[in-house]
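S.K.: My questions all concern the structure below.
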Amino acid sequence: MPADLVFHGGSVFTGSGLSEDAVAVEDGRIVAVGDVREHTGPVTEVIDLNGRLLLPGFQDAHIHAVMGGVELGQCDLTGTTDLGEYLRRIGEFADRNPDAEWIVGGGWSMESFEGGVPGKALLDQVVKDRPVYLMNRDHHAAWVNSRALELAGITRDTPDPATGRIDRDHDGEPVGALQEGAMDLVSVPLLTPEERYAGLMRAQQLLHALGITAWQDAMVRATNGYDDISDAYLTAAQNGTLTATVVGALWWDRERGAEQIDDLLAGRDALTVGRLRCDSVKLMLDGIAENFTAAMTEPYRDACGCATTNRGLSFIDPEQLPAYVSKLVEHRFQPHFHALGDQAVRNALDAVEAAQRAHGPRDTRPHLAHLQVVHPQDVPRFAALGATANMQPYWAAHEPQMDELTIPFLDPALAGWQYPFGDLLRAGARLAGGSDWPVSTPDPLQGIHVAVNRAHHGEGYQSFLPAQALDLAAALTAYTSGSAFVNHLDDTGSIRPGFRADLVVLDRDIFAEPAAEIGDATVALTFVDGKAVYEG
């Protein structure tokens, strides 16, 4: 039988190397790589690459797709750091939505405010009559107005929660910024099922346009005040509108212990339908460096450069974590860690090691996301333990949030151990690629550009710790076969006979152009199971 599709006339990144082979696809699978003449017939659709690059579909190993899609329809502050522009957008959004009881959205950058902390007075200038709740681009802090603080009952007498901080002025009054667990003090109305489903559909359209054919959503069926977005995935999986393949990470409730395992098992059973599988569990171990909540082995510095007593927060008790992870592995869940500071990374690896001692090797494929700081002693442990380094490379660059709000407040040794992707690869670690969207752009090509150049495309900064750069093939491998491994999608991520025809055509061959121009590339075509889901 002739193939449904044949690609020829360009370069092919197979997932392990580069070739100029033709590729044939039949019934959603790759049937030949190389000489495909015997697979070409009168009904075969032949796509001439015209020198462009064909590669496996990108997979995002750590993303919040529904959240990102929802926020596209809310008060969107992304794409700028200008304070005046923030206020203009907030005011216009409020005017366009006069019936909205709350003004909700986000995307602001800490660099836009002195010390990274916004104030309620600015919001009060544009919206006084309704509460405003705007998360920053990292989703680890919220900017609120006076009305939101009033409704939440937050005053100078309100104590900081154990997992967060209410930012205050010199007199102790809340200024309008809530860090980490303090965000939960404000009861923002939950999304409706229709809003969640619409967010997923909006996100899927965008992600397919960026060449993404599968992903792991890092917060499905959440707790701790976050929206439970699992119903959106379940609806789409049941009605056939989910065209991507999705792994959902169920949320580990850090207010509970091992007694929640039964709930996780029930969630896995209920949410494994069609193209959806929910057998990963997200364990959020710490916060972020910019607000001094990422767990570090050395204390943060103050504005004068002196060591403080603060080493960040551990949201899950490190002494209990090994037992929790061992229990998850016993039930064949995949541990998916948020581990940003080097102490959190060490705690996660210790837990993975404890689970291996308890149960022996099991194919649960643990992965650690973010990895902003990794102690050199822990770098070789990734390969030794079979733990995947789930990198968000877009963050590994000089920018104001790094240069003004991070490096000056880190111990100098820790500052030099940031995003050590090169060291991890050289030590034999498996790398996977992700975005953490909507924290940062979901475009894999922008992440790959930074992984290779250690600088954002077109911004003119010097490379950030350039010894940790990856070559292009390694960066592409992370976003294809590396993430496919994490997602247990073992018949994806490579171009070889028998594999699913999840494929992407770029508008150029990025191997044939300077590395500094990787970020210029765009996606021309995206295929899932041999069917086009995006045509640029």
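S.K.: Looking at (1) buried (at least 24 other Cβ atoms within 10 Å of the Cβ); (2) in contact with a helix residue (DSSP H, G or I) (Cβ under 8 Å, 6 or more places away or on another chain); (3) of a type outside the set (Asp, Glu), can you tell me which one residue 327 breaks?
M.R.: Going through the list (1) buried (at least 24 other Cβ atoms within 10 Å of the Cβ); (2) in contact with a helix residue (DSSP H, G or I) (Cβ under 8 Å, 6 or more places away or on another chain); (3) of a type outside the set (Asp, Glu), residue 327 breaks only (1).
S.K.: Can you find even one residue in segment 271-281 that is of a type in the set (D, E, K, R), in the same structural domain as residue 408 (by TED's automatic domain parsing) and in a strand (DSSP E or B)? Steps first, answer last, please.
M.R.: Initial filter on segment 271-281 (of a type in the set (D, E, K, R)): 275, 277, 279.
Now narrow it down to the ones that are in the same structural domain as residue 408 (by TED's automatic domain parsing): 275, 277, 279.
Checking the rest, the ones that are also in a strand (DSSP E or B) come to 277, 279.
Yes, segment 271-281 contains at least one residue that is of a type in the set (D, E, K, R), in the same structural domain as residue 408 (by TED's automatic domain parsing) and in a strand (DSSP E or B).
Conditions tested, residue by residue: (1) in the same structural domain as residue 429 (by TED's automatic domain parsing); (2) over 19 Å from residue 480 (Cα atoms); (3) touching a strand residue (DSSP E or B) at 6+ places or on another chain (Cβ under 8 Å).
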| residue | (1), (2), (3) |
| --- | --- |
| 363 | yes, yes, no |
| 366 | yes, no, yes |
| 388 | yes, no, yes |
| 391 | yes, no, yes |
| 394 | yes, no, no |
| 400 | yes, yes, no |
| 403 | yes, yes, no |
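S.K.: Out of all the residues in segment 239-270, which are under 16 Å from residue 215 (Cβ atoms) and either of a type in the set (A, V, I, L, M) or part of a loop (DSSP other than H, G, I, E, B) (or both)?
M.R.: Of everything in segment 239-270, those that are under 16 Å from residue 215 (Cβ atoms) and either of a type in the set (A, V, I, L, M) or part of a loop (DSSP other than H, G, I, E, B) (or both) turn out to be 241, 242, 243, 244, 246, 247, 249, 250.
S.K.: If you scan segment 243-270, which residues turn out to be farther than 26 Å from residue 181 by Cα and in contact with a Phe, Trp or Tyr (Cβ under 7 Å, 6 or more places away or on another chain)?
M.R.: Selection gives 244, 246.
S.K.: Of the residues in segment 334-362, how many are outside any helix (DSSP H, G or I), closer than 22 Å to residue 219 by Cα and in contact with a helix residue (DSSP H, G or I) (Cβ under 7 Å, 6 or more places away or on another chain)? Steps first, answer last, please.
M.R.: Taking segment 334-362 first, the residues outside any helix (DSSP H, G or I) are 334-341, 360-362.
Next, from what is left, pick out any that are closer than 22 Å to residue 219 by Cα: 334-341.
From the residues that got through so far, the ones that are in contact with a helix residue (DSSP H, G or I) (Cβ under 7 Å, 6 or more places away or on another chain) too are 335, 337, 339.
Qualifying residue count for the region: 3.
S.K.: When residues of segment 256-310 are filtered for being more than 23 Å from the chain's Cα centre (by Cα), among the polar types (S, T, N, Q) and farther than 12 Å from residue 341 by Cβ, how many remain?
M.R.: Qualifying residue count, segment 256-310: 3.
S.K.: Go through segment 376-423 and give me each residue that's touching an Asp or Glu at 6+ places or on another chain (Cβ under 6 Å), within 26 Å of residue 479 (Cβ to Cβ), in a loop (DSSP other than H, G, I, E, B) and of a type outside the set (Val, Ile, Thr).
M.R.: Listed by number, the list holds a single entry, 392.
S.K.: Given (1) out of contact with any Asp or Glu (no Cβ under 6 Å at 6 or more places or on another chain); (2) farther than 17 Å from residue 371 by Cα; (3) surrounded by 17 or more Cβ atoms within 10 Å (Cβ to Cβ), where does residue 291 come up short, assuming only one miss?
M.R.: In the conditions (1) out of contact with any Asp or Glu (no Cβ under 6 Å at 6 or more places or on another chain); (2) farther than 17 Å from residue 371 by Cα; (3) surrounded by 17 or more Cβ atoms within 10 Å (Cβ to Cβ), residue 291 misses (2) alone.
S.K.: Can you pull out the residues in segment 76-90 that are buried (at least 16 other Cβ atoms within 10 Å of the Cβ) and at pLDDT 95 or above?
M.R.: Within segment 76-90, 86, 87, 89, 90 qualify.
S.K.: Identify the single condition in (1) at pLDDT 95 or above; (2) under 30 Å from residue 367 (Cβ atoms) that residue 36 does not satisfy, given that it satisfies every other one.
M.R.: Checking residue 36 against (1) at pLDDT 95 or above; (2) under 30 Å from residue 367 (Cβ atoms), the one that fails is (2).
S.K.: Ok, one more. Pick out the one residue from 322, 366 that is within 25 Å of the chain's Cα centre (by Cα) and surrounded by 24 or more Cβ atoms within 10 Å (Cβ to Cβ). Show your work before the answer.
M.R.: Numbers: 322 fails: surrounded by 24 or more Cβ atoms within 10 Å (Cβ to Cβ).
The match here is 366.
S.K.: If you go through segment 95-103 one residue at a time, do you hit one that is surrounded by fewer than 21 Cβ atoms within 10 Å (Cβ to Cβ) and aromatic (Phe, Trp, Tyr)?
M.R.: Yes, segment 95-103 contains a residue that is surrounded by fewer than 21 Cβ atoms within 10 Å (Cβ to Cβ) and aromatic (Phe, Trp, Tyr).
S.K.: Could you check how many residues of segment 15-39 are part of a loop (DSSP other than H, G, I, E, B) and not small (Gly, Ala, Ser)?
M.R.: Residues of segment 15-39 part of a loop (DSSP other than H, G, I, E, B): 15-17, 20-21, 27-28, 35-36.
From what's left, not small (Gly, Ala, Ser): 20-21, 27, 35-36.
The total comes to 5.
S.K.: May I pose another question? Which ranges mark the strands (runs of 3 or more DSSP E) fully within segment 427-536 that have 2 or more residues being surrounded by 20 or more Cβ atoms within 10 Å (Cβ to Cβ) and in contact with a Pro (Cβ under 8 Å, 6 or more places away or on another chain)? Quick ask: steps written out before the conclusion?
M.R.: Details: elements: 431-433, 503-506, 523-528, 531-535.
Qualifying strands (runs of 3 or more DSSP E): 503-506.
S.K.: Same structure again: Could you identify the single residue in 248, 181, 211, 240 that is crowded, with 16+ Cβ neighbours inside 10 Å, under 21 Å from residue 535 (Cα atoms) and either under 21 Å from the mean Cα position of the chain (by Cα) or not polar (S, T, N, Q) (or both)?
M.R.: Working: 248 fails: under 21 Å from residue 535 (Cα atoms); 181 fails: under 21 Å from residue 535 (Cα atoms); 240 fails: crowded, with 16+ Cβ neighbours inside 10 Å.
Exactly one of 248, 181, 211, 240 is crowded, with 16+ Cβ neighbours inside 10 Å, under 21 Å from residue 535 (Cα atoms) and either under 21 Å from the mean Cα position of the chain (by Cα) or not polar (S, T, N, Q) (or both), namely 211.
The values are calculated or read from the model by the stated rules, or taken from the named source; none is laboratory data. This structure is a prediction, so every number in the text was calculated from the model and none was measured. Cβ coordinates were reconstructed from backbone atoms using ideal geometry, including for glycine residues, and neighbour counts include every protein chain displayed.
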